[in-house]
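As structure tokens, the structure follows; a few thoughts come after it.
The values are calculated or read from the model by the stated rules, or taken from the named source; none is laboratory data. Owing to the predicted nature of the structure, the values given are computational and were not obtained by experimental measurement. Positions of Cβ are generated from backbone atoms using ideal geometry, with glycine treated the same way; all protein chains shown enter the neighbour counts. Accessible surface is based on the protein model in full, side chains and every heavy atom, while ligands, DNA and RNA are left aside. Shrake-Rupley method; radii C 1.70, N 1.55, O 1.52, S 1.80 Å.
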Amino acid sequence: MNRNMRMKLVALVLCVFSLVKVHAQTVQDGLALLHAERNKEAGDVFTKLATGTPSADNQYYLGYYYVITKQLDEAQKAFQKGLELDDKSYLNQVGLGTVALGKGDRAKSKELFDLAEKKKGKDAEILFRIGEAYTLFEKSNDPAEAIRLLDEAIKRDKNLADAYIAKGDALMLRNEGGAAVTAYEYALTAKPNYAVAHNRIGSVYLRGKNYNLALENYKKAIEADPNFGPAYKDLAELYFFAQKYKQAADNYDLYMQKSGNLDPETKLRAAQFAFTADDYAKSLQILDEMKGKINNPITLRMYGWSYAKTNNPDKAIENLNEFIKVAPDKVIGDDYKYLGRAYNAKVTDGKGYDSTGVLYILKGADMDTSKTDAATTYKEVGALYYAAKDFPNAAMTYNKGINLDTAKASANDYYYLGLSKFQSAGALGALNNTAGDSAQIAASKTAMYLSADSTFAIVTQKLPDWPYGYYWRASALYNAYDKQENIDKGISAPYYLKLAELAEKDPDPSKFKSYLKLAYNYLAFYSQTTLKDEAKSKEYWTKLLAIDPANAAAKEALGMAPSAATDSTGTAQPKAAAAKKPAPKKK
């Protein structure tokens, strides 16, 4: 092959590559990238089109790119340049009207839009772009005018899929979700398997809290275009609402990968998703990457929360105090809760909480807009007080938590409220007379034990087959009344009987041994002295001796040993500060 022929072939190949390259950079390609939020790539396409093939239309789409990416001054320059290339380019007139609308100059925008509509009122693209403009800006939208223009555009071109998309968006501005879905479905008719339309439908259902249909449509968008970033972003929000935080974080990461969107605000949202997915180290890593690149006080909150979760209380306190100082209008209850927990984490005296920390946590609870969240936080503090044996405060905070959201209060909540009351009653005599004289103390103790019994009664209602609830009812009532009166009237008897019945049916009765000792002892004396039922009394003494072979009272009653020392009723009294019993299962 001679040299001339070889050069011609090389030139032909280069020409082919050049054509392929030009084909890859069409307006439609740029718009597709823009819809997919691949903004940098879209900007490159429109810039190359405007500079490589200067035309009024190419300048318009460059300006449109700037409008969508909120660079209105740059958009204005592009539209003006388009008019310099063709002073009759009404598309660029629409562009300038869009910029004016975005800047809040409604009069100027209407003047430009009216001129374009008057001159090119039969041009579907012109009508579409004016209508779309009225949906783009939160503070200067006009859904009614948008719908009028978009309907006119659709009359002239029923295959203009994006006009249906814009109409759906206008309808959503009026909270007309059903009509919006219909418009998006028409877009699918004009352009089958259109990821944008599927995704918009998903967002309507997400807004309406129809999560299953939202999920279905987001998945359809991804099936239509696996690189369509917004579907992954919206899917992340859906999973967040569903409290599937790991899936939410994973999908948001996919959004950033697919879109290439790594701007600071996007990364801040990624840090929030990582935090909710319990990946606190990743949250801190993302926050560190944004240092110096973002001026958003929410970063201080996220640092504070993440440091609190990674056992760095000093940095948590530093960041949260700064956040509360610089952004008081953005502070929510959780900010004070994490601040309080950070103070608690610094405690080294074995108490388990810091008084300032508890005050902050409760302040956060009082700021909660959700009664359920507030209730949970009060019960969290109740557990801290209970562990520190501060039973009066434990009772107060458990009670407040339960009252805030009674419908969701569990058996476990009532159980610890009951225990807190029981232990508070037992401690009343050791208050150095701050509760009054001995008669007043006795009355206060009786009232507190009876209140504990009422609380344990709720436990037995919620968990009727759980033996411990009946044990604590019996114990509370035993301590509330004179011991002889209790035996004479059998006040605790029904609950000891129920405890014995349930414990004896358990596959492993031995785990209830210490409770059955008290139950059998009481029931034996009650049967003997009140019911005058010697056979039943002997039955209980025999059961007691079987689990406690050294029990002197049982041996003496059965004629096997001399009498042991007992109280005035012959009954061993339950201790006021009994060992902590297993908590019930939540219900």
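Taking residues in the stretch 493-506 that are over 22 Å from Thr530 (Cβ atoms), and partners anywhere that are assigned to a helix (DSSP H, G or I), the pairs with Cβ atoms closer than 6 Å and at least 6 places apart or on different chains are Leu502/Pro467; Ala503/Pro467; Ala503/Pro509; Ala503/Phe512; Ala503/Leu516.
Selection within the stretch 291-311: residues that are within 24 Å of the chain's Cα centre (by Cα) and of a type in the set (A, V, I, L, M). The member of this set that is farthest from Thr266 (Cα to Cα) is Ala308.
Among residues of the stretch 45-74 that are β-branched (Val, Ile, Thr), those with a beta-carbon under 7 Å from a residue that is surrounded by fewer than 24 Cβ atoms within 10 Å (Cβ to Cβ) and in a helix (DSSP H, G or I) at least six positions away or on a different chain give the pairs Val45/Asp29; Val45/Leu33; Val67/Gly102; Ile68/Leu34; Thr69/Asn39.
Beta carbons closer than 7 Å, at least 6 apart along the sequence or on distinct chains, pair a first residue in the stretch 528-548 that is under 17 Å from Ser492 (Cα atoms) with a second that is open to solvent by 70 Å² or more (accessible area, probe 1.4 Å) for Gln528/Glu534; Thr530/Asp488.
Taking the listed residues Ala116, Ala161, Ala100, the one that is within 44 Å of the chain's Cα centre (by Cα) and more than 17 Å from Tyr65 (Cα to Cα) is Ala161, with no other qualifying. Evaluated against (1) assigned to a loop (DSSP other than H, G, I, E, B); (2) open to solvent by less than 30 Å² (accessible area, probe 1.4 Å), Asp349 falls short on exactly one condition, (2). Close Cβ contacts (under 9 Å, 6 or more residues apart or on different chains) running from residues in the stretch 369-385 that are closer than 14 Å to Tyr353 by Cβ and polar (S, T, N, Q) to residues that are open to solvent by less than 50 Å² (accessible area, probe 1.4 Å) and assigned to a helix (DSSP H, G or I) comprise Thr377/Gly333; Thr377/Lys337; Thr377/Ile361; Thr377/Leu362; Thr377/Gly364; Thr377/Ala365; Thr377/Gly401.
Scanning the stretch 389-428 for residues that are among the aliphatic types (A, V, I, L, M) and in a loop (DSSP other than H, G, I, E, B) returns a single hit, Ala409. When Val196 is tested against the conditions (1) among the β-branched types (Val, Ile, Thr); (2) open to solvent by 30 Å² or more (accessible area, probe 1.4 Å); (3) touching a residue at least 60 places away in the same chain (Cβ under 8 Å), the lone failure is (2).
Could you list all residues from the stretch 132-157 that are assigned to a helix (DSSP H, G or I) and more than 15 Å from Ala183 (Cβ to Cβ)?
The answer is Ala133, Glu138, Lys139, Ser140, Glu145, Arg156.
Considering only residues that are more than 16 Å from Ala146 (Cα to Cα) and of a type in the set (A, V, I, L, M, F, W, C), look in the stretch 81-98 and name the one that is most open to solvent (accessible area, probe 1.4 Å). Filtering the stretch 81-98 for residues that are more than 16 Å from Ala146 (Cα to Cα) and of a type in the set (A, V, I, L, M, F, W, C), the one most open to solvent (accessible area, probe 1.4 Å) comes out as Leu85. Which members of the stretch 274-327 meet the condition of being in contact with a Leu (Cβ under 9 Å, 6 or more places away or on another chain), surrounded by fewer than 21 Cβ atoms within 10 Å (Cβ to Cβ) and of a type in the set (Gly, Ala, Ser)? If the condition is that a residue be in contact with a Leu (Cβ under 9 Å, 6 or more places away or on another chain), surrounded by fewer than 21 Cβ atoms within 10 Å (Cβ to Cβ) and of a type in the set (Gly, Ala, Ser), then Ala327 is the only one that fits. A single member of Ile402, Ile458 is touching a Leu at 6+ places or on another chain (Cβ under 7 Å) and outside the structural domain of Thr529 (by the TED database), and it is Ile402. Pairs meeting the criteria (first residue in the stretch 127-141 and more than 17 Å from Ser89 (Cβ to Cβ), second residue among the small types (Gly, Ala, Ser) and assigned to a loop (DSSP other than H, G, I, E, B), beta carbons under 6 Å, at least 6 apart or on different chains) are Ser140/Gly104. In the stretch 524-558, of all residues being in a helix (DSSP H, G or I) and of a type in the set (Asp, Glu), the one that is most open to solvent (accessible area, probe 1.4 Å) corresponds to Glu534. Exactly one residue out of Ala32, Ala78, Ala50 is part of a helix (DSSP H, G or I), crowded, with 16+ Cβ neighbours inside 10 Å and either at positive phi or touching a Gly at 6+ places or on another chain (Cβ under 8 Å) (or both), and it is Ala78. Within the stretch 122-133, the presence of a residue that is touching a helix residue (DSSP H, G or I) at 6+ places or on another chain (Cβ under 6 Å), surrounded by 15 or more Cβ atoms within 10 Å (Cβ to Cβ) and over 19 Å from Leu31 (Cα atoms) is excluded. Selection of the stretch 312-353 for residues being more than 20 Å from the chain's Cα centre (by Cα), under 25 Å from Asp390 (Cβ atoms) and not hydrophobic (A, V, I, L, M, F, W, C) yields Pro313, Tyr343, Asn344, Lys346, Thr348, Asp349, Gly350, Lys351, Gly352, Tyr353.
Can you name every residue in the stretch 53-75 that is closer than 19 Å to Asp263 by Cβ and assigned to a helix (DSSP H, G or I)?
Passing the criteria: Tyr65, Tyr66, Val67, Ile68, Leu72, Asp73, Glu74, Ala75.
Screening Leu499, Leu516, Leu531 for residues that are within 29 Å of Ser444 (Cβ to Cβ) and either at pLDDT 95 or above or touching a strand residue (DSSP E or B) at 6+ places or on another chain (Cβ under 9 Å) (or both) leaves exactly one candidate, Leu499. Exactly one residue out of Tyr385, Tyr336, Tyr307, Tyr343 is farther than 27 Å from Leu284 by Cα and either in contact with a strand residue (DSSP E or B) (Cβ under 7 Å, 6 or more places away or on another chain) or not in a loop (DSSP other than H, G, I, E, B) (or both), and it is Tyr385.
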